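S.K.: Before I ask anything, let me first share the structure, which is written out below as structure tokens.
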Amino acid sequence: CLVDTDGDGVCDDFEIAGCQDATACNYDAAATDDDSSCTYAATGYDCEGNCLVDTDGDGVCDDFEIAGCQDATACNYDESATDDDGSCFDADAGYDCDGNCIADADGDGICDEFEVNGCMVEYACNYDPEATNDENDACYYATAVFDCDGNCQVDENENGICDQLEDGTCIEDCSSACGDGTYWDADLGQCIAFVDNCPWDLNGDGHVQLQDLLDFLIYYGSYCDPE
């Protein structure tokens, strides 16, 4: 060679510039002079931009998959997840994802759908240890005259008439011996709590009984005007 600047045995007039790195995407086997033009595939991809490994065929290379919950309705939804790992979980019925009640009208920490109506006063006759909501003031109590079973508190002569009522003023109607919020039920022989705003007393006589059922059956199957 008259001129061989790089001393590679190829005359400068015949040098072919190009990428001489066989691992590069633009490798040129004919090149005799590396011109630093080599380009390479991104990590995880081939020279055409395809994943080297994509096991599930979702277009995301295995090297870049992000495992997580892909269900947008789940509590642990991960919007960055590309591969569902089966970790999704939903809130328990009645609760949100933070464990708070969805509805708790009285703010007592017990969800409305799990409330148990009943008497919550421990010394009441009808105390219910499972009750969480005393919605209808359902409790009734023993009085100075009668116990919770309607028996005399005091009947020294054991004649079935409470000593406080020996004067005969209370035999069939003992409402005078009942405490506040209760009435005398002759059939049960005890004082029973009134039910506030009783919608089942259809005839308005202050007592839910057979007549109310008959009145209901008269209209059974009728359609009501929502207005």
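S.K.: Looking only at region 117-127, which residues are loosely packed, with under 15 Cβ neighbours inside 10 Å and part of a loop (DSSP other than H, G, I, E, B)?
M.R.: Correct list: E122, Y123.
S.K.: Of I102, I161, which residue is over 20 Å from D185 (Cβ atoms) and either touching a Lys or Arg at 6+ places or on another chain (Cβ under 6 Å) or of a type in the set (A, V, I, L, M, F, W, C) (or both)?
M.R.: The conditions single out I102.
S.K.: Name every residue in region 10-27 that is open to solvent by less than 60 Å² (accessible area, probe 1.4 Å), over 24 Å from G49 (Cβ atoms) and assigned to a loop (DSSP other than H, G, I, E, B), in order of residue number.
M.R.: Result: V10, C11, E15.
S.K.: For region 85-116, give me each residue that is loosely packed, with under 15 Cβ neighbours inside 10 Å and more than 14 Å from the chain's Cα centre (by Cα).
M.R.: D85, G86, S87, A105, D106, G107, D108, V116
S.K.: Would you mind telling me which numbered condition in (1) assigned to a loop (DSSP other than H, G, I, E, B); (2) open to solvent by 60 Å² or more (accessible area, probe 1.4 Å) D63 fails?
M.R.: Evaluating D63 over (1) assigned to a loop (DSSP other than H, G, I, E, B); (2) open to solvent by 60 Å² or more (accessible area, probe 1.4 Å) leaves (1) as the failure.
S.K.: Is at least one residue of region 82-99 among the aliphatic types (A, V, I, L, M) and more than 30 Å from N133 (Cβ to Cβ)?
M.R.: Checking region 82-99: not a single residue is among the aliphatic types (A, V, I, L, M) and more than 30 Å from N133 (Cβ to Cβ).
S.K.: Right, another one. Specify the residue that is modelled with the lowest pLDDT; the eligible residues are those in region 135-177 that are within 24 Å of I110 (Cβ to Cβ) and open to solvent by less than 50 Å² (accessible area, probe 1.4 Å).
M.R.: Looking at the filtered set, the residue picked out is A138.
S.K.: Another question about this same structure. Filter region 28-48 down to the residues that are more than 21 Å from F14 (Cβ to Cβ) and polar (S, T, N, Q), then identify the one that is most open to solvent (accessible area, probe 1.4 Å).
M.R.: For region 28-48, the residue satisfying everything is T43.
S.K.: Out of curiosity, is D71 open to solvent by 60 Å² or more (accessible area, probe 1.4 Å) and under 30 Å from T55 (Cβ atoms)?
M.R.: yes
The values are calculated or read from the model by the stated rules, or taken from the named source; none is laboratory data. Everything numeric here is computed off the predicted structure, so don't read it as measured data. Don't worry about glycine lacking a Cβ; one is built from the backbone with ideal geometry, like all the others, and counts go over all protein chains shown. These area figures cover heavy atoms from the full protein model, side chains too; ligands, DNA and RNA do not enter into them. Shrake-Rupley method; radii C 1.70, N 1.55, O 1.52, S 1.80 Å.
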